[in-house]
């Protein structure tokens, strides 16, 4: 399912043609029982998150002694958990609240989205429009690399960042000291995103109208100009879809952050810190729930405001396998 | 009190300033170098112009893929035949360990349970919702609610569910929802959920199902919408209704999408690490391959065993991804 195919199914005439069929299928599964089941499921699906949200606003004593559902009969809400968790908490062996980690997550996610987006769109353009001998084979090889689970790359990459060496080859001087900065995390996210990003963007960019491209070339524009002035603007929907997915992927990632940023408040993302906290003070739920909600709220905002792009990207196959 | 808060807020502000500056610098360097190369390469004429163009466009991606994926993957395979600090070759000892050690066998069995149960349950639930939701008034809201957990990180989702599974002594008021529901239903002494083997592994799978059902629902709903009208009409003329229509028409028509959804979730499940790490840290017999790989590599610092587990993970993913790709291509050919 390419992005293009999904666009096509959205187009009006096609939709109209399918309408009776869809209705027929719908009709055979719609009944009061079915409606009830769907509503029940969506309530059950929402309750856990709702419970977390409610708990994060309840005072410490209440959270420890009664269930969050008692809030309906005995409402008593406070913002102090967030104050503690963000700015003061000296819990879980740390000296600061979650604020430095929130900043880290942002600092990791923004370049972690822009770097792969730019590099992959360039590669996708070259593979689609600067045809050369072997470009098809190359595209297929890159596509096939999706089979490599990132676990397979972690140990050698970690060694590379700390020593500058991989398999005995010195790629950069050890004195560069990448470890402890954001660079290992940025680079890793960029590298791991490549196969899927190139594949998805290639699907879209290769479908751009040939006449537009040729007209530009006739006008004397070189590839660099075509890429900047024609491809990037026209591919904006696909770029946006991928950017949202990459943003959520990086923001929600734990494995890469934990491996390459450790737990230090200088670079570690929110997810890595939350993991530490859930282990070290699993019973202080008033703080843990507030902390968890801080990390959840950003993807939820992105999700609810950009749901359409999100769904479109999903249908185009933007799920990291 | 208020003084210390101000001080901390100041610290946060300067922390933010430093980090923001770092990000800005990185982006400026990256985009600046790129602009410079574009400018320079755009000036090139004659015979070198074309190869130069290809190098500039493709070079960075190829370099990143080589350094970030291909070379490390090969090196991990090599390291898997070495001892813990990679100083001595040990042949296939690490693999022998992985398949004979009782502890790891448990991990492999758990992983197998995960990749069979979680994806099947998720796909069936997703299909059911996709079929049932359509005629409902205000269906967008229900779809959003079921879809929402997909945006949440596995760490966040795990904390949400850890709270649901929180268990107290039955004589005290419960704060975990599951215990409360169990007691309300008449189970006077519900267990400490996360410590009950083997129930705990299934409770962890619930989190996976919870986050991915929305994904299955959205993709399958799109596939159902794509079934050609004449086929359904013909089946209806022939008298196919309800269950018959579902099993004889709808499911066969979306078969390849079903397989893609199933295998995609399987691949994701096979690599799942965050849920187990956050919920139990692999204790209480809940460990799975991806988490064990992390523990061996970065907690025990045994690069040999960690690498061997990573290779096993890779070999397990390989046929699934291959099949997934074939189905995806077939599906695209149909559309």
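Derivation of every value follows stated rules applied to the coordinates shown; laboratory data play no part. Not measured: the values here are computed from a predicted model. Note: ideal-geometry Cβ built from the backbone for every residue, glycine included; neighbour counts use all protein chains shown.
Can you tell me what the convex hull of the Cα atoms of region B:142-289 projects to on average, as an area in nm²?
Mean orientational projected area (region B:142-289, Cα hull): 11.5 nm².
Could you work out, residue by residue across A:102-108, how many beta carbons of other chains sit within 10 Å of that residue's beta carbon, and then give the average as an integer?
4
Starting from the Cα of residue B:140, step 7 Å along the direction of its Cβ; do the same at residue B:36; then give the gap between the two resulting points in nm.
Between residue B:140 and residue B:36, the label points sit 4.9 nm apart.
Roughly speaking, what is the centre-to-centre gap between region B:120-162 and region B:241-283 when only Cα atoms are used, to the nearest Å?
Distance between centres, Cα-based: 13 Å.
Restricting to DSSP H runs of at least four residues, report the calculated mean residue ellipticity at 222 nm for chain B, -39500 (n - 2.57) per run over all residues, nearest 500 deg cm²/dmol.
The helix contribution divided over chain B gives -23000 deg cm²/dmol.
If you average 1/r over every pair of different alpha-carbon atoms in region B:252-326 and take one over that average, what Kirkwood value in Å do you get?
Taking the inverse mean of 1/r over all distinct Cα pairs, region B:252-326 comes out at 13.5 Å.
With r defined as the distance between the Cβ atoms of residue A:206 and residue B:45 and R0 fixed at 35 Å, what FRET efficiency is calculated, to the nearest 0.05?
0.80
Let me check against my output: what whole-number percent is the relative contact order of chain B, with C-alpha pairs under 8 Å and at least 6 apart?
The value is 24 percent.
Let's test the formula: R0 of 22 Å, r as the Cβ-Cβ distance of residue B:106 and residue B:315. What FRET efficiency results, to the nearest 0.05?
Using R0 = 22 Å, I get an efficiency of 0.70.
If each residue of separation counts as 0.36 nm, what is the full-extension length gain between residue A:165 and residue A:76 once their alpha-carbon separation is subtracted?
26.3 nm
For the pair residue B:88 and residue B:284, how long in nm is the line joining their label points, each one 7 Å along Cα→Cβ?
Rounded to a tenth, the inter-label distance reads 3.9 nm.
Quote the relative contact order of region B:17-143 in percent (integer), defining contacts as alpha-carbon pairs under 8 Å separated by 6+ residues.
8 percent
What order do you get for B:175-188, A:258-271, A:108-121 when each peptide is scored by the mean count of other beta carbon atoms within 10 Å, highest first?
A:108-121, A:258-271, B:175-188
Estimate the FRET efficiency between residue B:66 and residue B:238 by the formula 1/(1 + (r/R0)^6), using the beta-carbon distance for r and 41 Å for R0, to the nearest 0.05.
For R0 = 41 Å, the calculated efficiency reads 0.10.
Evaluate peptide B:49-58: per residue, the Cβ atoms of other protein chains within 10 Å of its Cβ; return the mean as an integer.
Shielding by partners across B:49-58 averages 5.
Give, to the nearest whole percent, the P(r) tail of chain A beyond 31 angstrom, counting all Cα pairs.
Beyond 31 Å sits 49 percent of the P(r) for chain A.
Any number yet on Rg/Rh for region A:90-149, C-alpha, Kirkwood?
With Rg and the Kirkwood Rh in hand, the quotient comes to 1.31.
Two decimals, Cα atoms only, Kirkwood Rh: what is Rg/Rh over the protein assembly as shown?
Taking Rh as the inverse mean 1/r over Cα pairs, Rg/Rh reads 0.97.
Along each of the three principal axes of the Cα atoms of region A:158-208, give the extent in whole Å, ordering the values from largest to smallest.
Extents along the principal axes, in whole Å: 45, 23, 14.
State the Kirkwood hydrodynamic radius of chain B in Å, one decimal place, computed from all pairs of distinct Cα atoms.
24.7 Å
Using just the helices of chain A, give the 222 nm mean residue ellipticity in deg cm²/dmol: DSSP H runs with n ≥ 4 each add -39,500 (n - 2.57), and the total is spread over all residues, rounded to 500.
Only helices count here, giving -21000 deg cm²/dmol.
For a quick protection proxy, order the peptides B:285-297, B:243-255 by their average other-Cβ count within 10 Å, most packed first.
Listed from highest to lowest mean packing, they are B:285-297, B:243-255.
Normalise the Cα radius of gyration of region B:1-142 by 2.2 N^0.38 Å (N = residues in it) and let me know the number.
1.90
For residue A:304 and residue A:130 in the same chain, what is the full-extension length gain: residue separation times 0.36 nm, less their Cα-Cα distance, in nm?
Net length gain for the segment: 58.8 nm.
Need one word for region A:57-173: rounded, prolate or oblate. Basis is the Cα gyration tensor (sqrt eigenvalues a ≥ b ≥ c); a/c below 1.5 gives rounded, then a/b vs b/c decides.
prolate
For the ranges A:188-199, B:20-31, what's the packing order if you count other beta-carbon atoms within 10 Å of each residue, average per peptide, and put the highest first?
A:188-199, B:20-31
What would the Debye formula give as log10 I(q)/I(0) at q = 0.10, 0.16, 0.19, 0.22 Å⁻¹ for the alpha-carbon point model of region B:211-335, no solvent?
-0.49, -0.86, -1.03, -1.20
With each label point set 7 Å from Cα along the Cα-Cβ vector, what nm distance links residue B:16 and residue B:195?
4.3 nm
Regarding region B:2-79, what are the three Cα extents along the principal axes, ordered largest first, in Å?
Projected onto its principal axes, the Cα set of region B:2-79 covers 69, 44, 9 Å.
Would you tell me the mean number of C-beta atoms belonging to other protein chains that fall within 10 Å of each C-beta in A:127-136, as a whole number?
Taking all residues of A:127-136 together, the mean is 2.
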